[in-house]
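Take a look at the structure below.
The values are calculated or read from the model by the stated rules, or taken from the named source; none is laboratory data. Everything numeric in this text was worked out from a predicted model, so none of it was measured. Please note: Cβ atoms are built from the backbone with ideal geometry, for glycine as well, and neighbour counts cover all protein chains shown. When the accessible area is computed, the model is the full protein with side chains, heavy atoms only, and any ligands, DNA or RNA have been set aside. Shrake-Rupley method; radii C 1.70, N 1.55, O 1.52, S 1.80 Å.
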Amino acid sequence: MMARMRIRIDAVDLPGLTCPAPADGRVPEYRNVHVAVQRRDRPAELLAPQPGDAPSATWTLECTTSVSSSGIEVKGPYVQDRLGQRFIYLSWGTVDDSGTFTMFRRAKLMLDAVPADVLAGARDGLLVGRLGLTDAQGGPLCARVQPPLITWTAERAG
């Protein structure tokens, strides 16, 4: 049986509008940095880009859930599904003078790492992920994001 669920991502500690080039020079400096949720299979379609110097950022995603032999499956337009793993992409990019977003890095918010009891509690309500978006080097958080870098809770839909 399918149920409707929303996922809200509450982010704080954004890294700023500039991502300096590392000392080794392997990648350039990035300016006018923004972050957004990427739509599944449509990397250019972004939900609510936020500037990298915002005090916080929040995105709310509409999803459906169903119970399978492997647990609760989450699906939706912003839920990625690669090799049996479900996650949400936060895409980091620069925005030029024409408003074009050019992605340079992504973070994968791993839904497989949500504790089973939390996911069950949110199944027909609201799943909330809270995280900081600055990594240990002061840049944009990227790669796989799972606890303790993100905290998942179930809340009543409201």
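Here are the numbers:
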| item | result |
| --- | --- |
| Calculated FRET efficiency for the pair residue 137/residue 82, C-beta based, R₀ 30 Å, to 0.05 | 0.70 |
| Total formal charge among the other residues, if their Cβ is under 14 angstrom from that of residue 133, Lys/Arg +1 and Asp/Glu -1 | 0 |
| Antiparallel DSSP beta bridges within the chain, as percent of all bridges there, nearest 5 | 80 |
| Heavy atoms of residue 123 accessible to a 1.4 Å probe, total area in Å² rounded to 10 | 50 |
| The chain - Rg over Rh from alpha carbon coordinates, Kirkwood radius | 0.99 |
| CD proxy at 222 nm, helix term only [per DSSP H run n ≥ 4: -39500 (n - 2.57); per residue of the chain; nearest 500] | -1000 deg cm²/dmol |
| Accessible area of the chain belonging to carbon and sulfur atoms, whole % at 1.4 Å probe | 51 |
| Average Cα contact separation per residue, the chain, under 8 Å, 6 or more apart, as relative contact order % | 27 |
| For the chain, built as a Gaussian network whose Cα springs stay under 10 Å, the top-fluctuating residue of 120, 136, 54 | 136 |
| Unit charges on C-beta of K, R, D, E only; dipole of the chain, Debye | 380 |
| Euclidean distance between Cα centres, the stretch 116-158 to the stretch 33-62, Å | 15 |
| Qualifying GluC sites (Glu not before Pro) in the stretch 26-63, DSSP loop, other Cβ atoms within 10 Å at most 16 | 29 |
| Å² per residue, accessible surface of the chain at 1.4 Å | 53 |
